[in-house]
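Encoded as structure tokens, the structure appears first; notes follow it.
The values are calculated or read from the model by the stated rules, or taken from the named source; none is laboratory data. None of the values given here were measured: they were computed from a predicted structure. Because the Cβ atoms are built from the backbone with ideal geometry, glycine has one as well, and the counts that use them run over all protein chains shown. Side chains included, ligands, DNA and RNA excluded: accessible areas come from the protein's heavy atoms. Shrake-Rupley method; radii C 1.70, N 1.55, O 1.52, S 1.80 Å.
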Amino acid sequence: MMRVKTPPVVWRSRNHRYKLVGSKCKACGEVRFPPVHFCSCGGEVEEVELPRAGRLVSYSIVYAADEESRERSPVIMGLIDLGVTRVVAEIVDASPEEVHSGMQVEAVFRRIGEDGETGVIAYGIKFRPAVG
Amino acid sequence: MPKPEALTGIHGWGAYVPRARISMVDIARQWGWSDHQWKALGMIEKAVAAYDEDATTMGLEAAQNAVRRAGIKGEEVGAVFFGSESKPYAVKPSATIIAEALGITPVTMASDLEFACRAASEGMRASIGLIASGMLKYTLVVGSDTAQASPGDVLEFTASSGAAAFVLGRAEGAAAVFEGSYTYVTDTPDFWRREGAPYPSHGEGFTGEPAYFKHIMEAVKGLLSELGLRPSDFSHAIFHQPNGKFPVRVGEMLGFRQEQLKVGLVTPQIGNTYNASALIGFARVLDYAKPGERVLLAPFGSGAGSDAYSIVITDAIEGKKGLAPTVDHYIRAKRAISYSQYVKMRRMLVK
Ligand SMILES: [Zn+2]
């Protein structure tokens, strides 16, 4: 949460945060989110839009969030398997008792941070339980 | 002059309603209102945006659904009009955030419009002209609000959150075609929010007759007279829905039957979503409408004004219905919350 909310960071990251765009290695095919400039194998990468539906692999619940996050406590952080890669993101629209490993989730566009009452608002991807 | 030379239509529509719902009973209990006070409003429950949602995030999900149904690429959109009275930034457009996320930037018009609850409808009126003139191929119109209500105010029963969006373009291939439109505005101080004020104020008994009823009736009568149509020519009629009762009464006053209003009346289940109020109702009508049906749409905004549209459904609608979640999907996907959770989610608890 600390570095998401300055104008340069909001501006530079808007493409991948707004559209769920990751990087894909042209050599080994590894997909990463957030995107990286070079793959760990040394290969060049290209941008790729990631699937918006996935499965919650595991999660942890933060009950005592810091001052600025208190109104969103408890915060549920999830590890989500999108098939092509795994991403770490907040799980929303669910209370701790409604969350379980293996549940289907879908990407949503939400506020991910804001610089106090007067500063810039950062938007990005979180996940919510999928409803059939 | 309600008819442009070239006809404009709706290529895609979409809605969004947040999942949390608070019941009227819980709000009434908190403030000691009696049951007949909320029953008189024709309300059951209302949708509440989560702490990390705002008019921009909700508007984007509705817009994603509309673009999916339109089956177009972002760069084909030439204007994004965002109508809201709960803009996350007082200065800095939401329209550019939505345009960026949908790949519409950079060669596009984009602006946020304000006219209480009818700002998005003004975007629709402007779009019809921009498209009919041949200047633009497609426009995206978004109405979205996290409606504010002062705790304990009677507005708290109805003020809710939601969004609707439409992709407009030439009539060819559209799911529905605008047959005519008509606007009626006057300077009427029925409801307002001053710069910097967190909650709106309203002119009590002044909000009904001289504002809502007068402007909608004049707009609809003007449209019908220009087009030579009668209420019985329409399969569906959707009016702005500040509560569950006003749209039913204005429909009756204009000579519409209950069955014509039924499909488009969504406020009792989700509350008054302000800029999305009539437009989510319209999106639900499109979810159900059949080719050949004629639809009357009349949004209203305080301050005050109303637009009336006559819209004819085409054969193309059937192929688009299943391309994105319906309004009913969002109405059904709900979670009950308590009054204290509501206060926390609307960020009124931690200061
Ligand atoms: Zn690699």
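Those residues that are surrounded by fewer than 19 Cβ atoms within 10 Å (Cβ to Cβ) and within 10 Å of another protein chain (Cβ to nearest Cβ), I need them from the stretch A:57-73; list them, please. Hits for the stretch A:57-73 are A:Glu67, A:Glu68, A:Ser69, A:Arg70, A:Glu71, A:Ser73. Residue pairs whose Cβ atoms lie under 6 Å apart, sitting 6 or more positions apart in sequence or on different chains, and linking a residue in the stretch A:34-54 that is small (Gly, Ala, Ser) to a partner that is more than 8 Å from the ligand (Cβ to nearest atom), are A:Ala53/A:Glu106; A:Gly54/A:Ile80; A:Gly54/A:Asp81; A:Gly54/A:Leu82; A:Gly54/A:Val105. None of B:Leu60, B:Leu41 is in contact (Cβ under 8 Å) with a residue 24 or more places away in the chain, in a helix (DSSP H, G or I) and in contact with a Phe, Trp or Tyr (Cβ under 8 Å, 6 or more places away or on another chain) except B:Leu60. Among the candidates B:Lys290, B:Lys262, B:Lys245, the residue that is open to solvent by 20 Å² or more (accessible area, probe 1.4 Å), in contact with a strand residue (DSSP E or B) (Cβ under 7 Å, 6 or more places away or on another chain) and not hydroxyl-bearing (Ser, Thr, Tyr) is uniquely B:Lys290. Among residues belonging to the stretch A:34-56 that are open to solvent by 70 Å² or more (accessible area, probe 1.4 Å) and in contact with a helix residue (DSSP H, G or I) (Cβ under 7 Å, 6 or more places away or on another chain), point out the one that is nearest to the ligand (Cβ to nearest atom). Checking each candidate, the answer is A:Pro34.
If you go through the stretch B:293-332 and keep only what is more than 20 Å from B:Leu265 (Cβ to Cβ) and surrounded by fewer than 17 Cβ atoms within 10 Å (Cβ to Cβ), you end up with B:Asp315, B:Glu318, B:Gly319, B:Gly322, B:Leu323.
Just name the residue that is nearest to the ligand (Cβ to nearest atom) out of those in the stretch A:10-33 that are surrounded by fewer than 14 Cβ atoms within 10 Å (Cβ to Cβ) and under 26 Å from B:Leu60 (Cα atoms).
Start the filter on the stretch A:10-33 by keeping residues that are surrounded by fewer than 14 Cβ atoms within 10 Å (Cβ to Cβ), which leaves A:11-12, A:26-29.
Okay, now just the ones that are also under 26 Å from B:Leu60 (Cα atoms), so A:11-12.
Numbers: A:Trp11: 28, A:Arg12: 23 Å.
Going through the qualifying residues, I end up with A:Arg12.
Looking at the stretch B:166-203, which of the residues that are open to solvent by less than 20 Å² (accessible area, probe 1.4 Å) and modelled with pLDDT under 95 is farthest from the chain's Cα centre (by Cα)? Only one residue tops the list, namely B:Thr188.
Criterion applied to A:Ile76, A:Ile91, A:Ile112 was being open to solvent by less than 60 Å² (accessible area, probe 1.4 Å), without any contact (Cβ under 8 Å) to a residue 24 or more places away in the chain, within 14 Å of the chain's Cα centre (by Cα) and within 14 Å of another protein chain (Cβ to nearest Cβ), and the one residue passing it is A:Ile76. Taken over the stretch B:204-217, the criterion of being under 17 Å from B:Ser306 (Cβ atoms) and either open to solvent by 80 Å² or more (accessible area, probe 1.4 Å) or outside any helix (DSSP H, G or I) (or both) is satisfied by B:Phe206, B:Glu209, B:Lys214. Looking only at residues in the stretch B:124-150 that are among the charged types (D, E, K, R) and open to solvent by 20 Å² or more (accessible area, probe 1.4 Å), the one that is nearest to the other protein chains (Cβ to nearest Cβ) is B:Lys137. Which residues, taken from the stretch A:1-55, are farther than 28 Å from A:Ile91 by Cβ and of a type in the set (Asp, Glu)? The answer is A:Glu44, A:Glu46. Each residue in the stretch B:101-123 was checked for being open to solvent by less than 40 Å² (accessible area, probe 1.4 Å) and within 13 Å of chain A (Cβ to nearest Cβ), and 4 pass.
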